[in-house]
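The values are calculated or read from the model by the stated rules, or taken from the named source; none is laboratory data. Worth saying up front: this structure is predicted, and the values here are computed from it rather than measured. Every residue, glycine among them, receives a Cβ derived from its backbone with ideal geometry; neighbour counts consider all protein chains shown. SASA here: full protein model, heavy atoms, side chains in, ligands and nucleic acids out. Shrake-Rupley method; radii C 1.70, N 1.55, O 1.52, S 1.80 Å.
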Amino acid sequence: MRYTQETGTIRFIAEIAPGIYNCLVHAPKIAAAASVGQFVNVLCGGYELRRPISLCGFDAGLGLLRLVFEVRGKGTRWLSQRQAGEELDLVGPLGHGFPLMDRNSRAVLVGGGIGTPPLLPLAQRYGSGATAITGFRSGTVAILQDDLAGTGADCRLCTDDGSAGFHGFTTQMLEQRLNEGACDVVYTCGPKVMMKRVAAMALEQGIPCYVSMEERMGCGVGACLGCVCGTKAPDGEKKMTRVCLNGPVFDAREVVWE
């Protein structure tokens, strides 16, 4: 795994939904090495542990990273209060990203809440061949809908309260999509209970499925063992695997959900 520590400069930062921020950072070394599904570890003020944030996008030519994050504690609160022109201490790109299929493949992307951002580059890759199913508590916190639509993907918004899009869960919409026609691959990121069901539905139909696990992380490089999850070894035996180093993306067949 190739990563670097780099001082990036914030080019833009704004709140795009209550407590959710969109941030563009100029970090050319990391941007040049990044791949879809990886993340960066951000040093937030005087807090000792860095905060892991998925890459919502990256442009090697412009040297830019796009980070979309939710305020969940003191570190991300500090990050949300930064301004354009300020510097950030970053380590990245970290982890293993999503395996990519031929651009003409029929891909289904299933995102729940703040698990949606790392799926945007996949929608950009597959374009009109992608179905982007995203779920949120309500329409007020639904993010990246215009970005997803701009890729040409078939966008299907789901909300728990029915205030926007389909009134129901992403898994209900996924079932509908799988009944509509062929699918070559499923990608998902979001709450574990959602990903477990998405994985089961895909594997029941023999469709490859890749899940991005969102465990709490410390170091981000596999040293602290703070982000382990259960996976299956080739012989079927359960083992504990470091999400930051061996993930965050796993083949759904590897994951032990219980």
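Residue 214 satisfies every condition listed in (1) touching a Gly at 6+ places or on another chain (Cβ under 9 Å); (2) not in a loop (DSSP other than H, G, I, E, B) except (2). The single condition from (1) open to solvent by 20 Å² or more (accessible area, probe 1.4 Å); (2) at pLDDT 90 or above; (3) under 20 Å from residue 52 (Cα atoms) that residue 161 fails is (3).
Of all residues in the range 89-131, those satisfying the criterion of being hydrophobic (A, V, I, L, M, F, W, C) and assigned to a helix (DSSP H, G or I) are 114, 119, 120, 122, 123. Is there a residue in the range 224-242 that is under 17 Å from residue 97 (Cα atoms), at pLDDT below 95 and not in a strand (DSSP E or B)? Yes: the range 224-242 contains one or more residues that are under 17 Å from residue 97 (Cα atoms), at pLDDT below 95 and not in a strand (DSSP E or B). For the range 140-158, a tally of residues being surrounded by fewer than 16 Cβ atoms within 10 Å (Cβ to Cβ) and either under 23 Å from residue 23 (Cβ atoms) or modelled with pLDDT under 95 (or both) returns 4. The residue list 174, 245 contains one member that is assigned to a helix (DSSP H, G or I) and modelled with pLDDT under 90, which is 245.
Whenever a residue of the range 172-201 is more than 23 Å from residue 254 (Cβ to Cβ), its partners that are aromatic (Phe, Trp, Tyr), lying with C-beta atoms within less than 9 angstrom and at least six residues away or across chains, give the pairs 172/166; 173/166; 176/166. Checked across the range 76-88, the condition of being buried (at least 21 other Cβ atoms within 10 Å of the Cβ) and not in a strand (DSSP E or B) holds for at least one residue. The residues of the range 3-43 that are free of Cβ contacts under 8 Å to residues at least 40 places away in the same chain and either under 20 Å from the mean Cα position of the chain (by Cα) or part of a strand (DSSP E or B) (or both), listed by number, are 14, 26, 31, 32. Hey, residue 134 hits all of (1) open to solvent by 20 Å² or more (accessible area, probe 1.4 Å); (2) in contact with a helix residue (DSSP H, G or I) (Cβ under 9 Å, 6 or more places away or on another chain); (3) under 25 Å from residue 52 (Cα atoms) but one; which does it fall short on? Every condition holds for residue 134 apart from (1).
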